[in-house]
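Each remark here refers to the structure printed beneath this line.
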Amino acid sequence: MLGRPAGDAAGRLLRHRRPLRDLPHGAARVRRLPGGDRARARPLPPVPRHHEGADGEREGRRRPRGRARGHQGARRGGGAADARGGRRHQRPLRPPRRRRAHPARPGAARRPPRRPAELRRRRAPAGRAVRRPRLGGRGRPPGRGALPPRRHPLASRSPADRIRPHPEGPPVPPTPRVRFAPAPSGWLHVGSVRTALFNWLHARGNDGVAIFRIEDTDASRATAASMDAMHDAMAWLGLDWDEGVRAGGAYGPYRQSERKDLHRAVARRLEETGVLYRDERTAEELEAWRNERRAADLPPIVKRSTTPPPAGDDRTATLRLQLPDEGTTTISDLVRGDVTWDWAHESDPVLVRSNGDVTYPLANSVDDVAQGVTLVCRGEDLLSVTPRQVFLYDLLTRDGLIDDALAEVGLPAREPDWTVPSGFAHLSMIVGMDRKKLSKRHGSVSIQEFARKGFLPETIVNYLALLGWGPEDGRERLDRDELVAAFSFDRVSRSAAAFDTDKLTAFNGERIRDLDGTELAHRLVPYLDGTYPPSNETTEDDAPDGEGGPVADWEPLVSTPPTDEELAILRGLVPLVQERMQRLDEVQRYAPAFFVDELALDQASVDKVLGKPGAADVLRAAHRELADLDAWTTEAIEGALRPLSEELGIGFGKVAQPVRVAVTGSQVSPPLFESVELMPRGRVLARIEAAIPVAEAAGSGD
RNA sequence: GCUCCCGUCGUCCAGCGGCCUAGGACGCCGCCCUCUCAAGGCGGUAACGAGGGUUCAAAUCCCUUCGGGAGUACCA
């Protein structure tokens, strides 16, 4: 704990007081000036086709009114914190502003004006600290002691450079730019998809730009296949990206491995400014050193002061970034509030490996700054890496270092109103129902797997949005547009969320029921034509239908593409199955009877139903009645079968079940009369006829 | 170990000092409907981790404690 004294009452009151020189480092307090630069209404990138969205002008947003959840009340944080809160409250309302709408944006015209979520946090009564107060005293000039000698990040420019008033009114903040930056080492799983989704929602809901960057610093791990799979998954989910490997964009390249020149140029410039130092120890030596330190009860924190000075020029060495030795840094996290670290506990990160490659901390920060990212939304596992990134942001933008580097390597220049990422949102982890890390058992397979299992992309998006977030009005079923309109980081939960396949499945069932019949028919085709064959590797956890059973010799039921005749049958089948399906792949259980001639009877059903006394009589009677029918309609069929109950002196259930097994092959099926109607009469009669000896055999067996 | 994060029904979300004998959803249980299975309708079950404090009043604020998670790499 940061200097937490023994918890006596007196100590409590003073607990967070620190000497002024320990105040947060300047780099961490980079923060958009009130009413920063005006965003320019640039045309946004090309439109993906799958959103024939409402085109139209969008209204500008109002100034944020809320204060950050992490805001510290005056009672603890001292005057500086209070001043900051006050500033937020005093921001002027901005008049509506016209700008070009993103044509691809769904619901653009309908959405009410919103304030940018970077600046929006849970509202709190004035004067009350909503979150546990952290170290106070923010907002004063940067401390000394740490090197290099530094100025305030904005000090080298005149205020006029930073605040450019709108000719017709108050300034507006820059366009939000968010990025989803996965490593391409595998396929997308639900955790990364949720991160992507939240980024996307924030961009779409705030007139922002969504960037999809591949973070393949270690290029060997990026396969074309996995990159393709990720893009396909995004397309399937309906998350379109304005800039990225596939979408293109003005600030590429969007594969990190293609930006190596930039990273190296930046590293060289950083080295020239003296903020980097050589560490000649090998990984083994470092490991040994750490063990020593631990043994001596000293923290294994790498600092320049504890690093042996470079011996020879020829030795290979890593380049580390010298972080401050003391003081603290605080970031404002949109979901976590203010988080403070003590520099004394932060190891100097390696920015350049001994082989000359740059590391993630450098590449990530450089690209975020170079691409004008305004909000970094990512997994909680990256929270602890934030201080050094924030520190780097300052260095990168000081005296135009990054701009010079970009120019040097011929990459697109940054926009004049770009500063550095000013907001963070660290999303909690998604865990399994057992609170353990998500694994295959929990359904944490690739997102494509969910498609195969019959989940609708809309369901995934809806459910994932609700994992760790909920709209103010408590709605649970929201479509993409509604999510965009309602989403904001200030309602994102801080605690880990468990992935509940049951709830996802229930959501999916509801959505299936909502689908238009023709639409559903088309969506079912992939489960019938062999695109998504039935799965038989069902685990205990995620196999809702225990009776489905493995399907070894499954064969496609329709051709690719389906014939008109097949489509007609499917279209007729849809109303019968729509309200009893939770997942699209369940159609595979119902469909065979309607598509094949040779029907294999389910043995359990035969035993249980056809084996009952009188079953054969029922079948004979049913055959007789159906054969005599004039019209082959549901009503006629019902009129033929229902009276059998009275004729034979048994309940109708006893009549229906044998016929059901004979005609559909199973004791579980869509409604009987409708099912019979959907099949040709000849086939129905033949099946009943064929079942009679089976029933006789089963009935005499015991 | 150290640093940081988190802690309301089994699960997700609500709750922002009195509207909380804690609300909604999924699950589960029961009933209704019913030709099977579903769907649908109705009802029920079930939580503020613990202990102190502040307050007329605490799930909400403070402290401690316990529990969980992440990080602690020349991975990202």
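The values are calculated or read from the model by the stated rules, or taken from the named source; none is laboratory data. All figures in this text were calculated on a predicted structure; none of them were measured in a lab. Cβ atoms come from the backbone with ideal geometry, glycine included; neighbour counts cover every protein chain shown. The accessibility values were calculated without ligands, DNA or RNA, using every heavy atom of the protein model including side chains. Shrake-Rupley method; radii C 1.70, N 1.55, O 1.52, S 1.80 Å.
Of note:
- Annotation: of all residues in region A:270-290 being open to solvent by 80 Å² or more (accessible area, probe 1.4 Å) and over 26 Å from A:GLN389 (Cβ atoms), the one that is farthest from the chain's Cα centre (by Cα) is A:GLU285.
- Region A:291-321, subset assigned to a helix (DSSP H, G or I) and not aliphatic (A, V, I, L, M), residue nearest to A:THR386 (Cα to Cα): A:ARG304
- As a summary of the residue check, A:ARG681 satisfies the conditions (1) in contact with a Gly (Cβ under 7 Å, 6 or more places away or on another chain); (2) more than 14 Å from A:VAL609 (Cβ to Cβ) except for the one numbered (1).
- For region A:462-494, the tally of residues that are in a helix (DSSP H, G or I) and either touching a Lys or Arg at 6+ places or on another chain (Cβ under 6 Å) or within 7 Å of RNA strand B (Cβ to nearest atom) (or both) stands at 6.
- The condition of being in a loop (DSSP other than H, G, I, E, B), open to solvent by less than 40 Å² (accessible area, probe 1.4 Å) and away from RNA strand B (no atom under 12 Å from the Cβ) holds for A:PRO324.
- Taken across region A:522-531, residues that are aromatic (Phe, Trp, Tyr) and either over 26 Å from the mean Cα position of the chain (by Cα) or at pLDDT below 90 (or both) do not occur at all.
- Close Cβ contacts (under 9 Å, 6 or more residues apart or on different chains) running from residues in region A:461-473 that are within 16 Å of A:PHE450 (Cα to Cα) to residues that are near RNA strand B (Cβ under 6 Å from one of its atoms) comprise A:ASN462/A:GLU476; A:TYR463/A:ASP500; A:TYR463/A:LYS503.
- Residue list for region A:645-692, filter: open to solvent by less than 40 Å² (accessible area, probe 1.4 Å) and of a type in the set (Phe, Trp, Tyr): A:PHE673
- Across region A:286-298, the number of residues qualifying as over 17 Å from A:GLN322 (Cβ atoms) and either near RNA strand B (Cβ under 7 Å from one of its atoms) or of a type in the set (D, E, K, R) (or both) comes to 6.
- Note on region A:652-670: residues that are within 8 Å of RNA strand B (Cβ to nearest atom), assigned to a loop (DSSP other than H, G, I, E, B) and in contact with a helix residue (DSSP H, G or I) (Cβ under 6 Å, 6 or more places away or on another chain) total 4.
- Residue pairs whose Cβ atoms lie under 7 Å apart, separated by 6 or more positions or on different chains, with the first residue in region A:561-590 and buried (at least 17 other Cβ atoms within 10 Å of the Cβ) and the second part of a loop (DSSP other than H, G, I, E, B) and among the aromatic types (Phe, Trp, Tyr), are A:ARG583/A:PHE455; A:ASP585/A:TYR532.
- Against the test of being small (Gly, Ala, Ser) and either out of contact with any Asp or Glu (no Cβ under 9 Å at 6 or more places or on another chain) or part of a helix (DSSP H, G or I) (or both), the options A:ALA288, A:ALA250 yield a single qualifying residue, A:ALA288.
- Some residue of region A:223-231 being among the hydrophobic types (A, V, I, L, M, F, W, C) and either on the phi > 0 side of the Ramachandran plot or over 23 Å from the mean Cα position of the chain (by Cα) (or both): no
- Among residues of region A:686-702 that are farther than 12 Å from A:LYS612 by Cβ, those with a Cβ under 6 angstrom from a residue that is β-branched (Val, Ile, Thr) and modelled with pLDDT of 80 or more, sequence gap 6+ or separate chain, pair up as A:ARG687/A:VAL663.
- Considering A:PHE489, A:PHE499, A:PHE455, the condition of being more than 15 Å from A:ARG194 (Cα to Cα), hydrophobic (A, V, I, L, M, F, W, C) and crowded, with 20+ Cβ neighbours inside 10 Å is satisfied by A:PHE455 alone.
- From the list A:ALA506, A:ALA451, the one residue that fits, being small (Gly, Ala, Ser), on the phi < 0 side of the Ramachandran plot, at pLDDT 95 or above and not in a loop (DSSP other than H, G, I, E, B), is A:ALA506.
- Note on region A:187-201: among residues that are assigned to a helix (DSSP H, G or I) and aromatic (Phe, Trp, Tyr), the one that is farthest from A:LEU467 (Cα to Cα) is A:TRP200.
- Pairs with Cβ under 6 Å, 6+ apart, first in region A:263-282 and among the hydroxyl-bearing types (Ser, Thr, Tyr), second open to solvent by less than 60 Å² (accessible area, probe 1.4 Å) and not in a strand (DSSP E or B): A:TYR277/A:GLN322
For every residue, the table says whether it meets (1) among the aromatic types (Phe, Trp, Tyr); (2) under 15 Å from A:VAL663 (Cα atoms); (3) assigned to a loop (DSSP other than H, G, I, E, B); (4) more than 54 Å from the chain's Cα centre (by Cα).
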| position | (1), (2), (3), (4) |
| --- | --- |
| A:LEU601 | no, yes, yes, no |
| A:VAL606 | no, yes, no, no |
| A:LYS612 | no, no, yes, no |
| A:VAL618 | no, yes, no, yes |
| A:ALA621 | no, yes, no, yes |
| A:ARG624 | no, yes, no, yes |
| A:ILE637 | no, yes, no, no |
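- Condition met for A:VAL390 (β-branched (Val, Ile, Thr) and within 13 Å of RNA strand B (Cβ to nearest atom)): no
- Of all the numbered requirements in (1) open to solvent by 40 Å² or more (accessible area, probe 1.4 Å); (2) in contact (Cβ under 8 Å) with a residue 12 or more places away in the chain; (3) touching an Asp or Glu at 6+ places or on another chain (Cβ under 9 Å), A:PRO412 misses one, and that requirement is (3).
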